[in-house]
Amino acid sequence: MPRASELKKGMVVEIEGIPHSVKQTEARSPSSRGAVTIYKVRFLNLQNGTKLDSSFKGSEILLQANFDRVPIQYSYCDAEIFYFMNMENFNQYELTRDQLAEQLPFLTEQQENIFALISNEQILTIELPQSVDLLINDTPPAISGSSATNRTKTATLSTGLEIQVPEYLRPGDLIKVNTITGKYISRA
């Protein structure tokens with residue numbers, strides 16, 4: 001059971017019997033002596049998709065949600081529905097575009113190394129790996145004669161995500177992207 005001060009983005013806790021995913025945390029330290037640090041947390045209700053903002057003292061304990069974590073593969077998308085397959089028993093799971101809004105820029109068809117959080121045979125959400133390999137679809141050419149280091153340019157990736165990449169990269173290059181920050185890590 002995590003304390004409010006230990007909450008991290010992506011953790012799933014139970015609030016009034018309903019699983020909620022942590023989307024954002026912010027610590028506020030009061031200026032007066034003896035005052036307690038307050039943690040403002042934004043949750044996403046995993047059953048109906050509503051947002052919930054709450055404040056906790058750092059020592060408050062939250063109940064961790066009861067779920068199974070199983071490996072899945074992203075199979076395909078059919079308009080607004082995304083289909084995933086359980087890699088252990090081949091069950092199919094569905095999530096809507098709205099439920100996957102934050103993860104969509106990092107999903108490619110047939111992608112593995114994803115985990116599903118499942119409760120009562122229902123998929124709550126998915127967990128992406130720390131980094132994914134994505135293909136650069138479009139980026140402007142490097143400026144010749146430029147000798148400055150650490151210059152970046154905008155690149156459009158195979159999923160539609162636009163990020164800053166080093167100037168020497170070209171369309172067709174495969175790169176690693178951090179799924180938490182959405183930033184370039186290295187060549188794949």
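The values are calculated or read from the model by the stated rules, or taken from the named source; none is laboratory data. These numbers were taken from a predicted model, which means no experiment stands behind them. A quick note on method: Cβ atoms are made from the backbone with ideal geometry, for glycine too, and the neighbour counts reach across all protein chains shown.
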Reported set for segment 73-105 where residues are exposed (fewer than 14 other Cβ atoms within 10 Å of the Cβ) and part of a loop (DSSP other than H, G, I, E, B) is 79, 80, 88, 89, 90, 97, 98, 101
I'd like to know if segment 118-133 contains one or more residues that are farther than 18 Å from residue 20 by Cβ and without any contact (Cβ under 8 Å) to a residue 24 or more places away in the chain. yes
Selection within segment 24-48 - under 15 Å from the mean Cα position of the chain (by Cα) and either of a type in the set (Gly, Ala, Ser) or loosely packed, with under 15 Cβ neighbours inside 10 Å (or both): 24
Assess whether residue 151 counts as being of a type in the set (D, E, K, R) and either touching a residue at least 24 places away in the same chain (Cβ under 8 Å) or under 30 Å from residue 65 (Cα atoms) (or both). no
Which one is modelled with the lowest pLDDT, of the residues in segment 139-161 that are in contact with a Pro (Cβ under 7 Å, 6 or more places away or on another chain) and surrounded by 11 or more Cβ atoms within 10 Å (Cβ to Cβ)? 152
Give the number of residues within segment 61-72 that are surrounded by 12 or more Cβ atoms within 10 Å (Cβ to Cβ), in a loop (DSSP other than H, G, I, E, B) and not small (Gly, Ala, Ser). 2
Name the one entry in 2, 105 that is over 29 Å from residue 184 (Cα atoms) and in contact (Cβ under 8 Å) with a residue 12 or more places away in the chain. 2
Of a type in the set (Gly, Ala, Ser), closer than 30 Å to residue 7 by Cα and not in a strand (DSSP E or B), is that true of residue 116? no
If we ask which residues in segment 49-60 are surrounded by 13 or more Cβ atoms within 10 Å (Cβ to Cβ) and part of a strand (DSSP E or B), their number turns out to be 3
Which residues, taken from segment 177-188, are touching an Asp or Glu at 6+ places or on another chain (Cβ under 7 Å) and more than 13 Å from residue 155 (Cβ to Cβ)? 188
